[in-house]
Structures are given as structure tokens and as C-alpha cells.
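Asks: Shown below is the structure under consideration.
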Amino acid sequence: MTIEEKLDLISETLDAERSNIKPETQLCTLDEWDSMGVISTIAMLDRKFKKVLSAEQIEKLDTVQDILDRMEE
Amino acid sequence: MSPETLHRNIKNTYYRSAAKKYYTKKGQYKMLISYYFPPTILTNEELEKEYASPSWTASKIYRKTGIKSRHIAKDELASDIAVEAGKKLFAEYGISPSQIDFLLLCTQSPDYYLPTTACIVQDRLAIPTSAGAFDYNLGCSGYIYGLATAKGLLSAGIAKNVLLITAETYTKHIHPLDRSTRTVFGDGASATLLREEDIAKIGQFALVTDGKGAQNLIVPTGAMANPRTEETAKESEDANGNIRSMDNIYMNGPEIYAFTLRGVPELIEKTLAKNNTTMEKLDYIILHQANKLVLDSLREKLEIPEEKYCVDVENIGNTVSSTIPIALKRSMERGIPQLKKGSKILIAGFGVGYSLGATVITL
């Protein structure tokens with residue numbers, strides 16, 4: 001999966017405008033990064049990349065890049 | 001005729017007449033379950049208006065959670081909905097309250113600290129004073145623990161007819177502007193009759209307890225650790241824009257969700273091993289109906305075919321300890337081919353505590 005495809009997937013997961021999703025975007029600046037957004041992200045990482053994050057790992061998600069780092073196939 | 005013989009004859013007649021109702025015309029065995037929802041309904045459209053947030057529209061809530069509406073116990077207490085579920089069970093299957101010799105009541109929103117709500121329900125349902133009764137405080141795993149306890153009471157000869165009631169009014173704990181909880185939870189109650197002949201139908205249990213998760217789903221105040229004060233009633237907004245006070249329920253949704261993905265597959269594996277069975281041999285699987293996102297993720301992880309898997313949250317939401325019996329009863333009501341006499345059903349509950357439990361039941 002290319003970086004662009006991964007960014008598409010993040011935008012789709014969060015229901016956020018694609019133009020707002022850049023690697024450097026701070027997640028807390030996104031309206032969609034609320035409990036439902038976080039849960040959707042955990043679900044996406046589990047389903048597509050077989051990764052279940054721990055509570056600590058969830059709290060450490062700060063930027064879109066942090067999500068990208070977890071999207072390793 | 002001696003009084004004992006007379007009593008036995010009456011009992012036999014009662015069972016013969018009642019037994020007819022346990023089987024449908026197609027010969028399907030029915031597990032004796034009824035459920036009750038309080039009449040007030042809260043829709044996603046109402047939530048959208050109240051939340052007034054662009055990222056929480058009615059359609060998005062439905063898409064993410066699979067829930068369109070949920071029932072709210074406005075003026076009804078846990079005891080009220082417990083009594084309604086019990087009355088429905090008695091009426092539906094022609095059961096007399098005099099047959100009940102043990103009442104188990106699962107709730108985390110009891111009427112009082114003390115007495116135990118089960119005593120109030122015993123009196124209101126006219127269950128004999130010779131019956132045992134107690135509440136137990138569990139959430140989403142509550143039905144499984146109730147079945148385990150009932151099986152123990154029946155097997156030990158302590159009771160012959162156990163009435164297991166789950167009655168939850170979580171919405172009373174929820175702040176109306178806490179979207180993380182208000183969106184998913186709904187109120188409801190269930191009543192199940194477990195008789196001596198049901199012992200063999202309830203399989204082996206896998207039970208898991210991990211109190212490390214206690215802080216992730218909690219009502220922090222109101223009991224002895226933190227009594228309620230003006231200070232604890234003060235509302236504040238969290239990082240996600242949810243408003244609640246210390247007196248409300250708090251759920252760390254993402255952590256609970258991650259815990260579910262980690263813990264439930266292991267629980268299911270243990271349950272299958274304890275019951276000497278495999279996923280392929282089971283006819284139907286009913287997991288705690290938390291919400292569609294959780295259920296879909298678990299189905300994919302556990303590789304369960306869709307036709308063997310229950311998802312029934314659309315007009316109910318997450319009714320905590322009542323989701324499994326409600327889903328089982330509604331599946332039987334739909335008359336799906338997976339549920340017939342002899343069908344093996346895996347049921348599993350998981351959540352607040354953390355507390356998890358699962359078993360295999362045979363219809």
C-alpha cells in the first residue's frame with residue numbers, strides 16, 4: 001500500500017476530509033479524532049494490519065504519521 | 001392420597017401442561033426467556049440535535065455503531081423493569097411464581113445500596129418467601145455468571161427452579177452530553193427460567209477476571225470510596241468534547257475496545273476446548289451485543305460465517321447484562337434454521353470489571 005493509499009484509508013476511517021489528512025497533521029486538531037474516531041482507527045489497524053494497540057500505544061498516537069507508522073503490512 | 005403424592009401429581013400435571021409450550025409446532029425446543037424494554041425511545045435524530053456536532057450525525061452514528069434507537073428507563077427503576085420481565089415470562093410460558101425457589105438478579109443500577117433489589121422483586125412478583133434471592137453486581141458478563149451460578153444451585157440440589165433476571169438502567173448513570181456512552185447504551189431487562197432438566201443443557205464455563213481494567217469503565221463516586229458532594233457533581237469537558245461529572249459513568253471506549261479484541265478470542269478458544277468442540281461444530285454464536293463495530297471486528301477475527309452470527313443492536317443498543325438473553329430470544333422468535341432442538345450455541349459476555357465469561361448451551 002502506498003503512502004497516498006494509506007492516507008486515503010485514514011481519511012475514510014475517520015470520515016474526515018482527505019485534504020485535512022497529512023502526515024504532519026496533529027490528530028487533536030481534527031474534529032473527527034474523538035472516541036468514535038479512535039475506535040474506528042483501532043478497528044482499521046486490527047482488520048487490515050492485524051495490529052491490536054495497547055492502551056499506552058493508543059495514548060501515544062499524536063500525529064497522522066504515528067498512525068502511518070502502525071500501518072506496516 | 002398423601003399430601004406429598006397430591007403435590008407431586010399437581011406438579012407433574014403442571015409440568016406436562018407447561019411442557020407443551022416449551023416446544024413449537026416444528027419441535028423446536030425453547031429456552032424459557034422473556035424480555036422487557038421501557039417504552040421511551042431515543043433516536044439518533046434526537047441525539048444529533050442534542051449533540052450539535054458536525055461529526056456526530058444520525059447516519060454516521062448508525063453506520064459506526066449499527067444502532068438507530070435505544071430504550072430509556074425514564075421513571076422506571078431496575079426493580080420495575082425486572083418485575084415487568086418476570087411477569088412477561090410467567091405469562092408467556094404459563095409459569096406460576098410459586099414454582100420459583102431461587103431468584104438471581106444482575107444489576108449495576110440497583111434501587112438502593114440496601115436492601116438487595118432481589119428482595120423487592122421477590123415480593124412484587126409474589127415469589128414464595130421460602131425462595132432464596134440476591135443481587136449480584138456485574139455488567140456485560142452478567143448473564144453468563146448468572147447461568148454458572150444457576151447451574152451450581154440446581155446441580156447441588158439447593159434449588160429446582162431458578163429465575164435469573166438481568167435488569168440494567170445504565171442511562172441513569174450517563175450524562176446526556178457524554179457521546180461516548182449515551183450513543184451506545186440502552187436500558188432493558190430479561191428473565192430466564194432454569195429448571196433441573198436444564199442442567200445438562202448448560203455446558204462448561206470459561207471465566208476470566210482482570211481488575212486491572214477497573215478504572216476504564218466506572219462510576220467513580222456514590223459509594224464509599226468517593227461519596228457524592230457538590231464538587232463531584234461539577235461537570236467538565238474531556239479532550240473529545242464529552243461532558244460528564246464524577247457522578248456519571250466514564251468509559252474509556254478505545255481501551256475497552258482494544259481489550260475486547262485482545263481478550264475475547266482467547267476466551268472463545270478456552271470455551272471451545274472446555275466443551276470439546278470447534279467453531280465449525282457450533283450452530284450459532286451470540287456474543288455480547290456491544291455495538292456493530294465491536295461485533296464485526298470480532299466476527300472477522302474469529303472467522304465466523306455471517307449466517308451463524310448474531311448481530312441485533314439496531315433498535316436496542318447495548319443493554320449490558322441483558323444483550324445475550326434478548327438476542328437469543330429474538331433469534332428464536334425469528335425462527336432461524338440455526339436454532340432447533342439440539343442446536344449448540346456459544347454465548348460470551350465481556351466488559352466492565354474487566355469480567356468475561358462464556359459457555360456453550362444446547363437447545
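Read-outs throughout are calculated quantities, based only on the coordinates presented, and are distinct from any laboratory measurement. Since this is a predicted model, take the numbers as computed values, not measurements. In this analysis, Cβ positions are derived from the backbone assuming ideal geometry, glycine residues included, and neighbour counts consider all displayed protein chains.
Asks: Among the lysines, select those whose C-alpha is under 16 Å from the C-alpha of residue B:60, and discard any that sit fewer than 8 residues away in the same chain.
Replies: Straight-distance partners of residue B:60: B:49, B:68, B:292.
Asks: Now for a different question. As an exercise, identify the trypsin sites (Lys or Arg not before Pro) in chain A lying in DSSP coil whose Cβ has no more than 16 other Cβ atoms within 10 Å.
Replies: Here the sparse-neighbourhood loop sites are A:50, A:51, A:60.
Asks: Equivalent-ellipsoid semi-axes (√(5λ), Cα gyration tensor) for the stretch B:204-362, whole Å, largest first?
Replies: Output for the stretch B:204-362: semi-axes of 34, 17, 14 Å.
Asks: If you build a Gaussian network model of chain B, linking Cα atoms that sit under 10 Å apart, which residue out of B:224, B:246, B:332 swings the most?
Replies: B:224
Asks: State the extension gain, in nm to one decimal, for the chain segment bounded by residue A:15 and residue A:68, taking 0.36 nm per residue of separation less the distance between their alpha-carbons.
Replies: Net length gain for the segment: 17.4 nm.
Asks: Run the reach check for residue B:301 against aspartates and glutamates, Cα to Cα strictly under 16 Å, same-chain hits fewer than 8 apart removed. What comes back?
Replies: Candidates past the 8-residue exclusion: A:46, B:266, B:269, B:280.
Asks: In a Gaussian network model over chain B where Cα atoms closer than 10 Å are linked, find which of B:157, B:139, B:263 has the largest mean-square fluctuation.
Replies: Maximum fluctuation in the GNM of chain B, among the listed residues, is at B:157.
Asks: Leaving out same-chain residues fewer than 8 places away, which aspartates and glutamates sit with a Cα under 12 Å from that of residue B:74?
Replies: Within the straight-line limit of under 12 Å, residue B:74 reaches these aspartates and glutamates: B:187.
Asks: Could you work out which residue, out of B:345, B:81, B:304, moves most in a Gaussian network model of chain B, that is, has the largest mean-square fluctuation with Cα springs under 10 Å?
Replies: Its mean-square fluctuation being the largest, the pick is B:304.
Asks: Now a separate question. Let me check I've understood the local charge: for residue A:4, count other residues with C-beta under 14 angstrom from its C-beta, Lys and Arg +1, Asp and Glu -1. What total comes out?
Replies: 0
Asks: For chain A, just the Cα atoms, rotate onto the principal axes and tell me the three extents in Å, largest first.
Replies: That gives 27, 25, 18 Å along the principal axes, largest extent first.
Asks: Restricting attention to the stretch B:33-130, which chymotrypsin sites (Phe, Trp or Tyr not before Pro) occupy a DSSP loop and are surrounded by at most 14 other Cβ atoms within 10 Å?
Replies: B:112, B:113
Asks: Mind giving me the nanometre distance, one decimal, between the label points for residue B:273 and residue B:336, set 7 Å out from Cα along Cα→Cβ?
Replies: Reported label-point gap for residue B:273 and residue B:336 is 2.8 nm.
Asks: Translational D (Stokes-Einstein, µm²/s) of chain B at 20 °C and 1.002 mPa s when Rh comes from the Kirkwood sum over C-alpha pairs?
Replies: 101
Asks: Follow-up. Working only with C-alpha atoms, what are the Rg and Dmax values of the stretch B:133-183, expressed in angstrom?
Replies: Using the Cα atoms of the stretch B:133-183, the pair Rg, Dmax is 15.3, 49 Å.
Asks: Also, I was wondering about something else. Plugging the Kirkwood radius over Cα pairs into Stokes-Einstein for the protein assembly as shown, at a temperature of 20 °C and a viscosity of 1.002 mPa s, what D comes out in µm²/s?
Replies: 94
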